[in-house]
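Report on the structure given below.
The values are calculated or read from the model by the stated rules, or taken from the named source; none is laboratory data. Since the structure is predicted, the reported quantities are computational estimates derived from the model, not experimental observations. Cβ placement follows ideal geometry from the backbone for every residue including glycine, while neighbour counts extend to all protein chains displayed.
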């Protein structure tokens, strides 16, 4: 955590109060919660960003939509982001809300746990990457039985699928896609950035073909140079095209599904951050 920020410390032992983070790298009301999971038997941070005027007296009874995003440490702060590059989620959301382009919302970044990230995000056994004991099938329970109740108890979250969104990038997108299919009717919005559809011989695509209860709005994006090899680059783009065809076949129109093939873009936080304004505007635009 960078030294140029003032951190107001609170009592972590009971996890009743957050750490409030202020400084030049954070825009808005940003809070950290230390969160212990019984399902995964580990501890991580939840990063909660609140919309402008959340604490204003006139909004005391107002409840807000919530957007859960995986790999939370990469979203808000270069001090914690992979390779020091963040998505700038706080800057983007604050600007678009103040400009009246998206509805005010709460954004919850769910940190990964480093060495356990791949296991937690893989729902199937895999040889590339090599994971023979994946834990991803526990993720929907982790999210819905642990993370979501924790957030509901502490913040004014609007209930119902119409107010609940999920997303992530790479393997974080894969587990997001798996979760919306495993728990149909829970999420009305979905963000898939550079989803790792190739895992386990594209098993997630095979599963997708039989699914019908898709979220009302879905944003999917992929770069044309993500794999670093021409044949693999073509394949990851074709995988996204295949997912697009599956979703169209299930009845999603262009007003519900936006697919972005980003020519020349690679597989990294900088590209995902560049596309986040378009993604959140599509998903939460007025």
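Every condition in (1) within 22 Å of residue 271 (Cα to Cα); (2) in contact with a helix residue (DSSP H, G or I) (Cβ under 8 Å, 6 or more places away or on another chain); (3) without any contact (Cβ under 8 Å) to a residue 24 or more places away in the chain is met by residue 134 except one, and the failing one is (1). In contact (Cβ under 8 Å) with a residue 40 or more places away in the chain and surrounded by fewer than 14 Cβ atoms within 10 Å (Cβ to Cβ), is that true of residue 116? No; evaluated as a whole, the condition is false for this residue.
Given the criteria outside any helix (DSSP H, G or I), in contact with a helix residue (DSSP H, G or I) (Cβ under 7 Å, 6 or more places away or on another chain), in contact (Cβ under 8 Å) with a residue 12 or more places away in the chain and under 25 Å from residue 29 (Cα atoms), does residue 104 qualify? So residue 104 passes the test. For region 199-215, the set of residues classified as part of a loop (DSSP other than H, G, I, E, B) and either more than 19 Å from the chain's Cα centre (by Cα) or surrounded by fewer than 15 Cβ atoms within 10 Å (Cβ to Cβ) (or both) consists of 209, 210, 211, 212, 213, listed by residue number. Listed conditions (1) under 19 Å from residue 283 (Cα atoms); (2) touching a helix residue (DSSP H, G or I) at 6+ places or on another chain (Cβ under 9 Å); (3) buried (at least 18 other Cβ atoms within 10 Å of the Cβ) are all met by residue 63, apart from (3). Only one entry in 255, 239 is assigned to a helix (DSSP H, G or I) and modelled with pLDDT of 95 or more, namely 239. Just one of the numbered conditions (1) touching a strand residue (DSSP E or B) at 6+ places or on another chain (Cβ under 8 Å); (2) on the phi > 0 side of the Ramachandran plot; (3) surrounded by fewer than 16 Cβ atoms within 10 Å (Cβ to Cβ) is not true of residue 156: (2).
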